[in-house]
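Beneath this line is the structure, given in structure tokens, with notes to follow.
Throughout, read-outs are computed from the coordinates displayed, never taken from laboratory work. The model shown is predicted, which means the values in this text are computed figures rather than measured ones. So basically every Cβ, Gly included, is an ideal-geometry build from the backbone, and we count neighbours across all protein chains shown.
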Amino acid sequence: MLFLNIIFWTLTGLTCGLAVWKGGDAERFGGALILTFAVIWEATGFLSDDIRPTLQLVFDFLTALGLLAIAVRYASLWLGGVLMFQALQFCLHSFYVVTKKPHDNLHAVVNNGVFLAILTCLLVGTLVAWRRRSAAKAAALS
């Protein structure tokens, strides 16, 4: 379990860090937003198990709201994918809160898979923005 946690934090840090470092404005804001809420969520680990699921829904909502604001401003294709996956994650967490079902292996697999998909969309958006900026610089120099 600790090994998977290290892998996820490494992927999150590298992807969001690359987005902030090499991405365009949309990727920078998106990477910073995703990393911020991931760190805040991890910092709430000391709270009781009664409040954490509801808090997770609040964080999912705030993340989606922030991503929606970025999508409206920048209209990036990768943001559409991220918003769809964020909605799926919100639905997953809502289902477990409403049914009062304890987190099981299905929750872990879907939650981690969706988060990896969000990171993948962010990474693809960052690489595309980086490549476009590099091509524009090369064209301006020639």
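Structure values in brief
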| read-out | value |
| --- | --- |
| Mean Cβ neighbour count within 10 Å, used as a protection proxy, ranking 61-69, 114-122 highest first | 114-122, 61-69 |
| Efficiency of FRET between A108 and S134 - r from beta-carbon atoms, R0 35 angstrom, step 0.05 | 0.35 |
| Environment charge of L55, counting only residues whose C-beta is closer than 15 Å and scoring Lys/Arg +1, Asp/Glu -1 | -3 |
| Total formal charge among the other residues, if their Cβ is under 14 angstrom from that of I70, Lys/Arg +1 and Asp/Glu -1 | 0 |
| Neighbour net charge for M1 - beta-carbon separation under 15 angstrom, K R +1, D E -1 | -2 |
| Modelled FRET efficiency - R0 25 Å, D49 with L11, Cβ distances, 0.05 increments | 0.45 |
| Per-peptide average of other Cβ atoms within 10 Å, ordering 20-29, 127-136 highest first | 20-29, 127-136 |
| Helical mean residue ellipticity (222 nm; -39500 (n - 2.57) per DSSP H run of 4+; nearest 500) of the chain | -30500 deg cm²/dmol |
| Highest average packing first - 39-47, 9-17, Cβ atoms within 10 Å | 9-17, 39-47 |
